[in-house]
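K.L.:
Attaching a single structure in structure tokens format; questions to follow.
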Amino acid sequence: MSAPSQPTTAQPVYLDSLNEDQRHAVEAVDGPVLVLAGAGTGKTRVLTTRLGHILMQGKASPWEILAVTFTNKAAREMQNRVSGLLGRETDGWWVGTFHALGARILRRHAEAVGLKSNFTILDSDDQIRLLKQLMAESGIDEKRAPARSLMAIIQRWKDRGLMPDKVSDTEESEAADGKMMALYGAYQERLQTLNAADFGDLLLLPVELFTRQPEVLEQYRNKFRYILVDEYQDTNVAQYLWLRLLARVHGNICCVGDDDQSIYSWRGAEVGNILRFEKDFPGAKVVRLERNYRSTPHILAAASGLISHNEGRLGKTLWTDLNDGDKVRVRGVWDGIEEARVVGDEIEAIHRRGEKLNEMAVLVRAGFQTREFEERLITLGVPYRVLGGARFYERMEIRDAIAYLRIIAQPDDDLAFERIVNTPKRGLGKSTMQALHQYARGANIPLLQASRQLIETDDLRPQARKALAGLLGDLDRWRGLAKEVDHTELMARVLGESGYEDMWRADKTPEAPGRLENLKELQTALEEFDDLAGFLEHISLVMENESSSSDDKVTLMTLHGAKGLEFDTVFLPGWEEGLFPHQRALDEGHGKALEEERRLAYVGLTRARKAAHVSFAANRRIYGNWQSAIPSRFVEELPADHVDVSAERGVYGGGFDNEKPRFRSSGRSHRTEPTWATTTSSGSGDFEIGQRIFHQKFGYGAIREIDGDKLEIAFEKAGTKKVMAGFVEET
């Protein structure tokens, strides 16, 4: 190993482009340093310049620095930038993700953790397959305890740095009939037997290695003279332990992150890691990067005012010397359909002014929200892309549900039949399908007809015959039901009776709740069509229109997926209680979940360079039913001087342009009540039971019950609904 190069005597030119705070973060080389890098404050420049500065000053050689990033792309970008700064390629880098660096360490010391150096890293499918084998051996019923759910528990334990012998009674799960601990132990033993590790092990086993082999830990402590960590707010417990063990002696660790952008607790991220940095590393220097180079002052002030309501933060205030720009626009609309129309029209207007579609984004809290915006953009002929996920009608659960409708409407649709025949699992595997295909081709008949004939023979196994007969019976019943009920109710019955919804309810993976929400949104979409045939024809046209040669497209994505991106104009729809903040966060009844939702709102606002548009709807369709909604508490928390509020007449405060809405707490932690009245009524005191009224969405009806400001009304066409008194008029 060659000695570090001698420090240069010339004034470092690369420091000239940094502002004062950035320069402090770069030059504070020795000892623990926490860089609180606000959104758009030049974090990447600071990281790469600091790394180059250490090398240029001769503090260390490349192989003596450990630089941890959260994506492989970020690692490559860091290497390229530092090489450009130095003017030469460097060898021996230890730059990469936690998983990549963990694997590199384990390859060198595999025997110390019971593996060989050529161990295999299992992907998620292999993990599930292995776990299913162990479940079968232990007599665990996968129908009652899905393998993916149990694997999620194991991975959570690994994220928390817990080997099987470290899981305490308080951590132990009651899943798998109390056999979860034993299953975890058996899983780890089988991994060793197979000379394999999963992704969780790439984080967990280095911690075990350093803890149980002090001499190995000492080797790496001496090797890595400087440690740099990006996105520190997103580290989990295992990653935190890993870093603390390495940096405990020399303390030359620099962590860069933003506690206000910690939004991944569902992945195991612990915002507490960054909040207690100064306690973990006494004498740490904290540098705040607060000068923003991305957004206008109004956007920054609105975002800063919002996030200031969080208690669990270290605190910083973003500022910029850019021109003021426009205030954040907050608009209240009647319903979700109107919201999509307003956003679509605004996108068209901005585009006509010469702005590129690529510089516009619609950022939603939940994936199901994109459906109405997709429909509207298709109607307008505006090209769009969905980042971080498929378009609404391309999503797996939506395709599955539509396949059920297709086979009901058209029994000869072999592609639809193949998609649903074993979804959810019915024990109809490859051998059954091969027999069906062979028979159908020979007789030149559709698969469904072939199934009817084969279940009358002994060509299929008894179990397969029984399962197939059950499915055919269900399809016949639903086909008959389609003549008696509307297509919306038919979809609800099919999803329930087929077990498809139950399949996703039992699935404990992070994606499952979103899939269920998408299925609800599909049922809402069905309501917009007169019959099933019209809906299926619409789907065909949508799928046909989804191919576009244009590279200039509006971006639709979730707020979680938008972190790290930026656009000139950002639309933030659905700011309503129960949607954003999400109902799950409200139901938890404590501040942590709500504060993460607020951080998510902060991330959304700070994606915008020039303009941010927030919207909320007074009505949303949930489970196919219209429900009244109240604006998110986050709307209330936006500072009045930096927002421009308007609402349609009949919507909270409608008709009072530029008037800041205000709420009062209802005394319960999970909601707020508006104190500002609508313009259509003075409240429920004006109404009586039995009185005839008119509602703009539901039409005419009679009041059945009065509960404060809420009315239960029997509408002539829409059935019985609960609505706010302010949304109805006397007749």
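K.L.:
Checking the conditions here, which among V216, V256 is among the aliphatic types (A, V, I, L, M) and within 30 Å of H309 (Cα to Cα)?
P.N.:
When all the criteria are applied, what remains is V256.
K.L.:
What's the number of the only condition in (1) closer than 23 Å to E497 by Cα; (2) in a loop (DSSP other than H, G, I, E, B) that L415 fails to meet?
P.N.:
Looking at each condition in turn, L415 falls short on (2).
K.L.:
Follow-up. Say whether the condition of being hydrophobic (A, V, I, L, M, F, W, C) and at pLDDT below 95 is met by at least one residue in the range 305-317.
P.N.:
yes
To keep it simple, each residue is scored yes or no on (1) more than 34 Å from the chain's Cα centre (by Cα); (2) of a type in the set (G, A, S).
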{"residue": "A469", "(1), (2)": "yes, yes"}
{"residue": "R477", "(1), (2)": "yes, no"}
{"residue": "L481", "(1), (2)": "yes, no"}
{"residue": "M491", "(1), (2)": "no, no"}
{"residue": "L495", "(1), (2)": "no, no"}
{"residue": "E501", "(1), (2)": "no, no"}
{"residue": "E511", "(1), (2)": "no, no"}
{"residue": "G514", "(1), (2)": "no, yes"}
{"residue": "S540", "(1), (2)": "no, yes"}
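K.L.:
Could you grab me the full set of residues in the range 298-320 that are farther than 29 Å from A617 by Cβ, touching a residue at least 24 places away in the same chain (Cβ under 8 Å) and either of a type in the set (G, A, S) or outside any strand (DSSP E or B) (or both)?
P.N.:
E311, G312, R313, L314, K316, T317, L318, T320, listed by residue number.
K.L.:
Please verify whether L516 is modelled with pLDDT of 85 or more and either basic (K, R) or over 30 Å from R426 (Cβ atoms) (or both), treating the condition exactly as stated.
P.N.:
Judged against the criteria, L516 is not a match.
K.L.:
Among the residues of the range 158-180, count how many are open to solvent by 10 Å² or more (accessible area, probe 1.4 Å), in a helix (DSSP H, G or I) and modelled with pLDDT of 90 or more.
P.N.:
Qualifying residue count for the region: 2.
A quick yes/no check of all residues on (1) in contact with a Gly (Cβ under 7 Å, 6 or more places away or on another chain); (2) within 17 Å of R599 (Cβ to Cβ):
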{"site": "E270", "(1), (2)": "no, yes"}
{"site": "L275", "(1), (2)": "yes, yes"}
{"site": "E278", "(1), (2)": "no, no"}
{"site": "K285", "(1), (2)": "yes, no"}
{"site": "L300", "(1), (2)": "no, yes"}
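K.L.:
Let me ask something else about it. Kindly state which strands (runs of 3 or more DSSP E) lie completely within the range 191-297 and contain at least 2 residues that are surrounded by fewer than 20 Cβ atoms within 10 Å (Cβ to Cβ).
P.N.:
285-289
K.L.:
Against the definition (out of contact with any Pro (no Cβ under 9 Å at 6 or more places or on another chain), at pLDDT 90 or above and part of a helix (DSSP H, G or I)), how does E355 come out, yes or no?
P.N.:
So E355 does not fit the description; no.
K.L.:
Checking Q438 against (1) surrounded by 14 or more Cβ atoms within 10 Å (Cβ to Cβ); (2) assigned to a helix (DSSP H, G or I): exactly one of these is not met. Which one?
P.N.:
(1)
K.L.:
On to the next question. Out of curiosity, is A147 among the small types (G, A, S), over 26 Å from R104 (Cα atoms), open to solvent by 30 Å² or more (accessible area, probe 1.4 Å) and out of contact with any Ser or Thr (no Cβ under 6 Å at 6 or more places or on another chain)? Step through it out loud before you land on a result.
P.N.:
On the way: among the small types (G, A, S): yes; over 26 Å from R104 (Cα atoms): yes; open to solvent by 30 Å² or more (accessible area, probe 1.4 Å): no; out of contact with any Ser or Thr (no Cβ under 6 Å at 6 or more places or on another chain): yes.
Judged against the criteria, A147 is not a match.
K.L.:
Give R419, R452, R385, R365 a once-over and let me know the one that is under 30 Å from the mean Cα position of the chain (by Cα), farther than 19 Å from F571 by Cα and open to solvent by 10 Å² or more (accessible area, probe 1.4 Å).
P.N.:
Testing whether each residue is under 30 Å from the mean Cα position of the chain (by Cα), farther than 19 Å from F571 by Cα and open to solvent by 10 Å² or more (accessible area, probe 1.4 Å) leaves just R419.
K.L.:
What number of residues within the range 701-725 satisfy the criterion of being open to solvent by 80 Å² or more (accessible area, probe 1.4 Å) and at pLDDT 80 or above?
P.N.:
Final tally of qualifying residues: 3.
K.L.:
Of (1) at pLDDT 90 or above; (2) outside any helix (DSSP H, G or I); (3) under 30 Å from H560 (Cα atoms), L495 satisfies all except one. Which?
P.N.:
If we test L495 against (1) at pLDDT 90 or above; (2) outside any helix (DSSP H, G or I); (3) under 30 Å from H560 (Cα atoms), just (2) comes out false.
K.L.:
Turning to a different aspect of this structure: Hey, can you tell me all the residues within the range 534-570 that are modelled with pLDDT of 85 or more and either open to solvent by 50 Å² or more (accessible area, probe 1.4 Å) or of a type outside the set (A, V, I, L, M, F, W, C) (or both)?
P.N.:
D552, K553, T555, T558, H560, G561, K563, G564, L565, E566, D568, T569
K.L.:
Does any residue in the range 624-645 that is under 23 Å from N310 (Cβ atoms) and free of Cβ contacts under 8 Å to residues at least 60 places away in the same chain come within less than 6 Å, Cβ to Cβ, of a residue that is open to solvent by less than 40 Å² (accessible area, probe 1.4 Å) and assigned to a strand (DSSP E or B) six or more places away or on a different chain, and which pairs are these?
P.N.:
I630/P674; S632/E576; R633/T672; E636/F663
K.L.:
In the set D400, D413, which member is touching a helix residue (DSSP H, G or I) at 6+ places or on another chain (Cβ under 6 Å), under 26 Å from V485 (Cα atoms) and buried (at least 17 other Cβ atoms within 10 Å of the Cβ)?
P.N.:
From the options D400, D413, the qualifying one is D413.
The values are calculated or read from the model by the stated rules, or taken from the named source; none is laboratory data. Everything quoted here is computed from the prediction, not taken from an experiment. Ideal geometry is used to build each Cβ from the backbone, glycine not excepted, and the neighbour counts take in all protein chains shown. We work out accessible area using only protein heavy atoms, side chains counted, and drop any ligands, DNA or RNA first. Shrake-Rupley method; radii C 1.70, N 1.55, O 1.52, S 1.80 Å.
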